[in-house]
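Every number here is computed from the coordinates shown, using simple stated rules; none is lab data. Remember, it's a predicted structure, so these values are computed and weren't measured experimentally. Quick reminder, even Gly has a Cβ in these numbers, built from the backbone with ideal geometry, and neighbours come from all protein chains shown.
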Amino acid sequence: MPAFFLASFIAGLVLSVFAMLNGVERRSGFAINRAMVAGFALVFGAVGYPLIHSTLLRQGAILAIAGFAGAVGAAIAFLLVVGWAIPSARAEVIDERFILQGSFARVTSVSSDGASGTITYVVDSETRNVPARGLEGVRLDAGSDVVIERVEDGVAYVEPWAQVEARL
């Protein structure tokens with residue numbers, strides 16, 4: 001029985017980290033999400049393990065107490081998601097300039113000054129051509145690969161892929 005509570009606690013920790021990294025999306029039709037399962041498993045194990053080692057209660061009583069505590073943990077996880085995570089995500093303002101940040105593009109033409117031109121990139125299976133300017137005055141070369149930093153007033157500010165790759 002101690003191994004069962006320990007496994008539940010570890011599973012709760014792993015699910016908690018997974019939920020933090022990947023989100024707590026709720027699928028339609030399901031009332032339970034990762035955060036709730038993680039909260040239940042974590043608290044169930046955290047309460048049950050010490051009870052099994054430090055009390056003379058029977059296993060049924062320990063399971064009941066740990067189960068109740070796990071349900072409270074799941075309810076707290078649910079309240080955190082509903083009361084804090086979802087509203088803050090909905091309130092987040094997305095800066096339209098940076099939607100394409102990190103997208104790859106190819107320079108198709110360069111103006112005589114070398115610092116501006118036109119790039120081509122693909123979004124949702126649609127090829128788009130937009131004016132571009134080298135980030136911080138960087139010269140553009142026709143046919144070279146670039147990375148979009150931002151798009152302002154219809155002009156993409158780009159950086160050569162070689163510079164980005166060198167930083168990685």
The answer for the per residue Cα convex hull volume of the range 97-167, in Å³, is 83 Å³
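Under a point-charge model restricted to the Cβ atoms of Lys and Arg (+1) and Asp and Glu (-1), what is the dipole moment magnitude of the range 97-167 relative to its Cα centre, in debye to the nearest 20?
Working: 7 positive and 11 negative charges, 3 e Å.
Here the size comes out at about 20 debye.
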Report, in degrees rounded to the nearest 10, the 0 to 90 angle that the Cα long axis of helix 59-80 makes with the longest principal axis of the chain.
30 degrees
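R139 to L21: FRET efficiency via 1/(1 + (r/R0)^6), r the Cβ-Cβ distance, R0 35 Å, to the nearest 0.05? Don't skip to the end; give the middle numbers.
Details: r = 39 Å, r/R0 = 1.12.
Working from the Cβ atoms, E equals 0.35.
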For the residue pair V122 and F68, what label-to-label distance in nm results when each label sits 7 Å from Cα along the Cα-to-beta-carbon direction?
6.0 nm
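Quickly estimate the mean residue ellipticity at 222 nm for the chain, helices only: each DSSP H run with n ≥ 4 gives -39500 (n - 2.57), and the total goes over all residues, rounded to 500. Don't skip to the answer; put the middle values down first.
Details: 5 runs with 77 residues, N = 168.
The per-residue figure over the chain is -15000 deg cm²/dmol.
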Taking the 0 to 90 degree range and rounding to the nearest ten, how far is the long axis of helix 34-54 tilted relative to the main principal axis of the chain, both from C-alpha atoms?
40 degrees
Can you give me the pair-distance distribution of the chain, C-alpha pairs, 5 Å bins, whole percents?
2, 8, 13, 12, 8, 7, 7, 7, 8, 7, 6, 5, 4, 3, 1, 0, 0, 0
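Taking Cα atoms of the range 2-91, Rg/Rh with Kirkwood Rh, to two decimals?
Reported Rg/Rh, Kirkwood definition of Rh: 1.06.
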